[in-house]
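Asker: Could you have a look at this structure, given as structure tokens, before my questions?
The values are calculated or read from the model by the stated rules, or taken from the named source; none is laboratory data. What you see is a predicted model, and the numbers here were worked out from it, not measured in a lab. All Cβ positions, even for glycine, are placed from backbone atoms using ideal geometry, and neighbour counts span all protein chains on display.
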Amino acid sequence: MLKMAGNKSYTIVEYFGGDCGYRCGYCKNDEGNFSHGMWSHTMTVQDYQDLIDRGWRRSGKYVYKPKLDKTCCPQYTIRCHALKFQPSKSHKKVLKKISKFISKGELPKGQDDGEPMDSVCDEAGPREPSTVCHSELKCAAIADIQKELPECPAITEVQKEVVDGAPVDSEKSRKDPESVADERTTAAAPKPGMGADPGRPQCRKAKDLRKERRLQKEQIRQHADGDSSIVSPMPPTAAQTKQPKPLEDFINESLPDNSSHCLEVRLVPVNFEDPQFTASYQRSVALYARYQMAIHGDDPSECSESEFRRFLCDSPLEAEHSPDGPEVGYGSFHQQYWLDGRIVAVGVIDILPTCVSSVYFYYHPDFASLSLGSYSALREIAFTRQLQKQSPKLSYYYLGFYIHSCPKMRYKGQYRPSDLLCPETYAWVQIEQCLLQLENSRYARFNQDPDAGDPRVLKDVGRALVLYRRAVMPYAAYSRKRKGSSDETEVQQYADLVGQDSAERILLYRA
């Protein structure tokens, strides 16, 4: 990590356009997937947080942003409000399935009958800059950067600090559709073609009516006796006062004592100097290969140790700690699921200033019927809630991309309340509002305010920072040094995609 004035760390990237299409993993279109890409040599967690809040996503050290208005299967960034999350019936079913397996040792037969895909972020994006071959990754230039870093002089120009606006939060209370389905009526069935009479009161259970009459009689009696403490004619019913059981209670119920199996979840930093990570590394590699071949049909050469390391261990994020941050710090981690002393699943996550971001999840194929993908998402939501107690602003769980045009990827929308990121204004919009638009069009601007725009729109490309010949300078100074430079269009495109604030912090490498 490049550190300069005030021991400040900097992000260093190389930008690759995004004009060529490549194969789509969802609709199998050979040239229908379009995205912009950057190779990140190193990156601060705050810079990555800002980038994913503009639709970027990492796959190893490659950071990409789908071109939603052009790609065949638009991928919208989705986040769940972890603190407000309540498990649905299908989520509770998964937790009960896990509990039954751990307590009694009974493995369900058949495949997962819950959500269509087990991997929470199975589509983690192109594993390589698909439109750029290795020879185009400027390997020599990359080596030059490594030589330059220790010798970079301090930046004398004071850089503007980013002031993050509060995320758009348009949460409103909504009626639980499951409670609607449970309502019963005792009235006679309406005539064919006629709905319920809106002028008549809603039918209620006889037991509730008897309880209400009994309470009313008691109130009348107390009022007659001169009891002035009666303020409300009707106290709240049991259904109104009952609080829903939190997610943590359901998870703890799924881990009973004195059971047939023992399940333990360990958080391990992605760091080859960490003894826990290195001790379990080879087991993780073997599990990953087994998962990729059995679940995704990969050839053994596609899931080698080097591929595993590049895809799930090489992260541009440097570990960081902050006084007001979580105890485990920020950065990239593996959440390992140990069953009776062996790893059966691994969730790859990034812990960032305001969220836990799911990167990838893989598991032992023998346990496919346990819906481990859904279970890991619930565990990661609970983990986010745990971290929020230590760091108040860390309250969201990012599930990667939501792809409405691909039915099997719509399951991510079941983790509610959740928002989708508007691709034009970068405002967060409730998913319920977005779905109406996505039913009519694959690409949609979710923000309904016609006057709203990008709050971090590029205003001056000359202030974007570049790293050139062991020196950090604004692009305006660089272009003066490089008279006749033809890269202004490329730099303009890059700065527009990352936004003005990020462009003034991130170092764009220039050969």
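Residues checked against (1) under 24 Å from GLY400 (Cβ atoms); (2) at pLDDT 95 or above; (3) surrounded by 16 or more Cβ atoms within 10 Å (Cβ to Cβ):
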residue	(1), (2), (3)
ASP419	yes, yes, yes
ALA444	yes, yes, yes
VAL461	no, yes, yes
VAL472	no, yes, yes
GLY484	no, no, no
LEU508	no, yes, yes
ALA511	no, no, no
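The rows are residues; the columns are (1) within 20 Å of ASN252 (Cβ to Cβ); (2) of a type in the set (Asp, Glu); (3) modelled with pLDDT of 95 or more.
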| residue | (1), (2), (3) |
| --- | --- |
| GLU320 | no, yes, yes |
| PHE333 | no, no, yes |
| GLY341 | no, no, yes |
| SER358 | no, no, yes |
| TYR363 | no, no, yes |
| LEU372 | yes, no, yes |
| SER376 | yes, no, yes |
| TYR397 | yes, no, yes |
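Asker: If you don't mind, there's one more thing I want to ask. Identify all residues within region 413-433 that are part of a helix (DSSP H, G or I) and touching an Asp or Glu at 6+ places or on another chain (Cβ under 8 Å); write none if there are none.
Answerer: GLN414, ILE431, listed by residue number.
Asker: Can you pull out the residues in region 453-506 that are part of a helix (DSSP H, G or I), among the hydrophobic types (A, V, I, L, M, F, W, C) and farther than 14 Å from TYR15 by Cβ?
Answerer: Of everything in region 453-506, those that are part of a helix (DSSP H, G or I), among the hydrophobic types (A, V, I, L, M, F, W, C) and farther than 14 Å from TYR15 by Cβ turn out to be ALA476, ALA477.
Asker: Do we find a residue being assigned to a helix (DSSP H, G or I), surrounded by fewer than 23 Cβ atoms within 10 Å (Cβ to Cβ) and among the small types (Gly, Ala, Ser) anywhere in region 339-362? I'd like the intermediate steps shown before the answer.
Answerer: First pass over region 339-362, keeping only residues assigned to a helix (DSSP H, G or I): none.
No, region 339-362 contains no residue that is assigned to a helix (DSSP H, G or I), surrounded by fewer than 23 Cβ atoms within 10 Å (Cβ to Cβ) and among the small types (Gly, Ala, Ser).
Asker: Would you be able to say whether some residue in region 72-94 is aromatic (Phe, Trp, Tyr) and closer than 30 Å to LEU467 by Cα?
Answerer: No, there is no match, as no residue in region 72-94 is aromatic (Phe, Trp, Tyr) and closer than 30 Å to LEU467 by Cα.
Asker: Right, something else. So ASP30 ticks every box in (1) crowded, with 21+ Cβ neighbours inside 10 Å; (2) without any contact (Cβ under 8 Å) to a residue 60 or more places away in the chain; (3) not basic (Lys, Arg) but one. Which box is left unticked?
Answerer: (1)
Asker: Go through region 435-462 and give me each residue that's in contact with a His (Cβ under 9 Å, 6 or more places away or on another chain) and not hydrophobic (A, V, I, L, M, F, W, C).
Answerer: GLU439, ARG442
Asker: Going through region 293-338 one residue at a time, which ones are at positive phi and surrounded by fewer than 17 Cβ atoms within 10 Å (Cβ to Cβ)? Before the answer, list the steps.
Answerer: Here is the first cut: in region 293-338, the ones at positive phi are 297, 329, 331.
The answer is GLY297, GLY329.
Asker: May I pose another question? Taking ASP314, is it among the acidic types (Asp, Glu), in contact (Cβ under 8 Å) with a residue 24 or more places away in the chain and closer than 19 Å to ILE52 by Cα?
Answerer: For ASP314, the condition - among the acidic types (Asp, Glu), in contact (Cβ under 8 Å) with a residue 24 or more places away in the chain and closer than 19 Å to ILE52 by Cα - is met.
Asker: Among the residues of region 367-405 satisfying the criterion of being over 20 Å from ILE52 (Cα atoms) and either among the β-branched types (Val, Ile, Thr) or without any contact (Cβ under 8 Å) to a residue 24 or more places away in the chain (or both), which is surrounded by the most Cβ atoms within 10 Å (Cβ to Cβ)?
Answerer: GLN386
Asker: Collect the residues in region 25-55 that are closer than 19 Å to TYR509 by Cα and among the aromatic types (Phe, Trp, Tyr), keeping them in residue-number order.
Answerer: TRP39, TYR48
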